[in-house]
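Q: Just passing along the structure, written as structure tokens.
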Amino acid sequence: MTHATATADMMHPPVPAEPGSGVYSNKLGMWVFLASDVMFFTALIGSYIILRFGVTEPWAAPGAVLNVPLTAFNTFLLICSSVSMVKAYAAIADGKKYFLRPVPGKLLRDGGLKFWMLVTIICGAMFVGVQVFEYVKLLGHGFTPAGYRDGSLLAEHAVSDAVRYGATSAGLYGSSFFTMTGFHGFHVTCGVVSMLYLYSTKVLPEKYSAQDYRGIETIGLYWHFVDLVWIILFTIVYLI
Amino acid sequence: MTTAHTRPNYILIWLYLFLMTVAEVALAFELPFSRNVKLLLLLVLALWKAMLVALFFMHLKFERWRLRAIFMVPLPLAIILVLAVITEKIW
């Protein structure tokens with residue numbers, strides 16, 4: 001480490017490493033948890049791939065049942081929240097605890113930890129809100145974890161175009177879709193709640209500093225992982 | 001622990017991620033490629049985006065190899081898991 005030569009463009013670890021592992025305990029614990037979460041989502045995605053490509057009946061075409069433009073917007077929200085999270089991390093690494101501060105000669109104000117963290121929380125909460133809206137709409141149209149509900153709009157569509165709507169595989173489609181996106185949504189919700197807790201107990205009282213911002217780095221790792229998983233899920237579930 | 005390093009341009013990475021998402025949606029619904037080509041390109045784009053997030057937002061590029069290994073070890077295991085179940089009919 002070269003703390004003596006630190007500038008605003010250099011990134012440094014928040015605290016000295018624990019002996020042995022080479023990282024501080026919180027971060028190591030988060031990485032181990034993320035490694036286990038990789039296996040968890042692999043099991044879900046793997047099951048989906050096997051069901052999707054193993055089934056002999058037609059599967060619903062992309063965009064036939066799911067609202068892709070809405071979910072693309074949700075993907076955009078999550079990507080924005082990821083960049084705001086890393087900006088929060090960079091801000092506190094530079095010791096910027098404030099919300100917004102004017103910069104002489106510049107139109108835009110400089111965002112600090114409080115600002116970027118709040119942006120992340122808002123984007124995350126909006127993602128969950130849009131996902132709930134999507135679920136309500138899908139259930140309203142008759143797409144349930146058990147397939148297309150009898151007498152619903154989608155059930156009628158499936159009768160008129162069984163191939164496009166994957167009429168015979170709708171049960172598998174529904175159960176795998178709601179399981180994967182539901183577990184991901186649960187992860188996002190946990191992230192938003194955790195960030196709200198950190199925001200109220202640590203960020204607003206300015207307990208983080210350029211010397212110690214372990215909590216921001218640890219929750220940031222979790223948040224970026226949730227974004228990473230969504231990037232894969234969006235492609236596999238909505239576009240393929 | 002990340003070692004001291006030059007800060008990546010996060011906004012540029014965000015722009016890459018945004019443009020690749022737009023490209024994915026266009027590829028899936030607008031561009032006239034065969035299904036297999038679309039499948040391959042969509043998977044490549046998704047993995048590329050995931051790599052950008054892991055390397056630059058999670059700072060994996062700047063981490064020590066021991067920490068990278070923690071994240072990398074489950075990946076071959078994940079591939080083995082999926083392949084084992086896919087090939088279940090064979091054995």
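Q: Determine, for B:17, A:108, the number of other Cβ atoms within 10 Å of each Cβ, and report the residues in order from fewest to most.
A: With the fewest neighbours first, B:17, A:108 line up as A:108, B:17.
Q: To continue, here is another question. Which value, in debye to the nearest 20, describes the size of the charge dipole of the stretch A:82-240 about its Cα centre when Lys and Arg Cβ atoms bear +1, Asp and Glu Cβ atoms bear -1, and nothing else is charged?
A: On the way: 13 positive and 10 negative charges, 141 e Å.
Dipole of the stretch A:82-240, to the nearest 20 debye: 680 debye.
Q: Would you list A:181, A:201 from fewest to most Cβ contacts within 10 Å?
A: Ascending Cβ contact count within 10 Å gives the list A:201, A:181.
Q: Return the calculated 222 nm mean residue ellipticity for chain B, to the nearest 500 deg cm²/dmol, obtained by summing -39500 (n - 2.57) across DSSP H runs with n ≥ 4 and dividing by the residue count.
A: -21000 deg cm²/dmol
Q: Expressed in whole Å with the largest first, what are the equivalent ellipsoid semi-axes of the stretch B:10-64 derived from the C-alpha gyration tensor as the square root of 5 times each eigenvalue? Walk me through the intermediate numbers first.
A: On the way: eigenvalues 136, 32, 5 Å².
Sorted largest first and rounded, they come to 26, 13, 5 Å.
Q: What does the helix-only formula give at 222 nm for chain A: each DSSP H stretch with n ≥ 4 adding -39500 (n - 2.57), the total divided by the residues, and the result rounded to the nearest 500 deg cm²/dmol?
A: Rounded to the nearest 500, the figure is -21000 deg cm²/dmol.
Q: Determine, for A:209, A:169, the number of other Cβ atoms within 10 Å of each Cβ, and report the residues in order from fewest to most.
A: Exposure proxy ranking, most exposed first: A:209, A:169.
Q: With a length cut of 20 Å (Cα positions projected on each helix's long axis) and a Kyte-Doolittle mean of at least 0.5, go through chain B and give me the DSSP H helices that pass.
A: Qualifying helices: B:10-29, B:35-52.
Q: Shifting gears a bit: With everything on Cα atoms, drop me the angle between helix A:25-54 and the longest principal axis of chain A, reported from 0 to 90° to the nearest 10.
A: Roughly 20 degrees between the two axes.
Q: Give me the Kirkwood hydrodynamic radius of the protein assembly as shown, using the inverse of the mean 1/r over all pairs of distinct Cα atoms, in Å to one decimal.
A: 21.3
Q: How much net charge surrounds residue B:81 when only other residues with a Cβ under 15 Å from its Cβ are counted (Lys, Arg +1; Asp, Glu -1)?
A: Net local charge, residue B:81 excluded: -2.
Q: Relative to the longest principal axis of chain A, what angle (0 to 90°, nearest 10) does the C-alpha long axis of helix A:68-93 take?
A: Between helix and principal axis, roughly 10 degrees.
Read-outs: derived from the displayed coordinates by stated rules, not from any lab. Please read these numbers as outputs of a predicted model, since none were measured by experiment. Note that each Cβ is placed from the backbone with ideal geometry, even for glycine, and that neighbours are counted across all protein chains shown.
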